Amino acid sequence: MLLRRSHDKLADLPRDPRADAYPMPPVPHGWYAVLRSGELRPGKVVSLHYFGRALIAFRGADGQAGVRDAHCPHYGAHLGAGGKVVGGEVECPFHGWRFGADGRCTHAPFA
């Protein structure tokens, strides 16, 4: 049996004319759920695509999760395809650059 909820017909309501008075950016600033915590195991890198961008999520052995741009800024390698977690950082599969959960480069070989 299908139950109907009161919000199922929100699209049928008249649009508030004040809605256009407050322009919003294409992706408002705030927190967004992109993955359930249980889907992100320690030592794994998960590819995501949200807000028109390729992203990755990873969790280090310490349990801290991070979400960052999926491409390595060095040569553009996709960290979700071959990237691995080393300690609490994600490592690029091409040249071994490492990035922390905050997105900063923590290790660049030969630098």
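The values are calculated or read from the model by the stated rules, or taken from the named source; none is laboratory data. Please read all numbers here as calculations on a predicted model, not as lab measurements. All Cβ positions, even for glycine, are placed from backbone atoms using ideal geometry, and neighbour counts span all protein chains on display. To get the accessible areas, we keep the full protein, side chains included, count just its heavy atoms, and leave off ligands, DNA and RNA. Shrake-Rupley method; radii C 1.70, N 1.55, O 1.52, S 1.80 Å.
I need a count of the residues in region 69-80 that are at pLDDT below 90 and surrounded by 13 or more Cβ atoms within 10 Å (Cβ to Cβ).
The number of residues fulfilling the criteria is 1.
From the set of residues in region 33-52 that are of a type outside the set (Gly, Ala, Ser), part of a loop (DSSP other than H, G, I, E, B) and open to solvent by 90 Å² or more (accessible area, probe 1.4 Å), which is farthest from Glu89 (Cα to Cα)?
Phe51
Which of (1) under 22 Å from Ala33 (Cα atoms); (2) free of Cβ contacts under 8 Å to residues at least 24 places away in the same chain; (3) crowded, with 19+ Cβ neighbours inside 10 Å is the odd one out, the single condition Val90 does not satisfy?
(2)
Is at least one residue of region 2-11 open to solvent by 60 Å² or more (accessible area, probe 1.4 Å) and modelled with pLDDT of 70 or more?
Looking for residues that are open to solvent by 60 Å² or more (accessible area, probe 1.4 Å) and modelled with pLDDT of 70 or more, one finds none in region 2-11, hence no.
Which condition number in (1) open to solvent by 30 Å² or more (accessible area, probe 1.4 Å); (2) in contact with a strand residue (DSSP E or B) (Cβ under 8 Å, 6 or more places away or on another chain) is the one that Leu55 fails?
All conditions pass for Leu55, except number (1).
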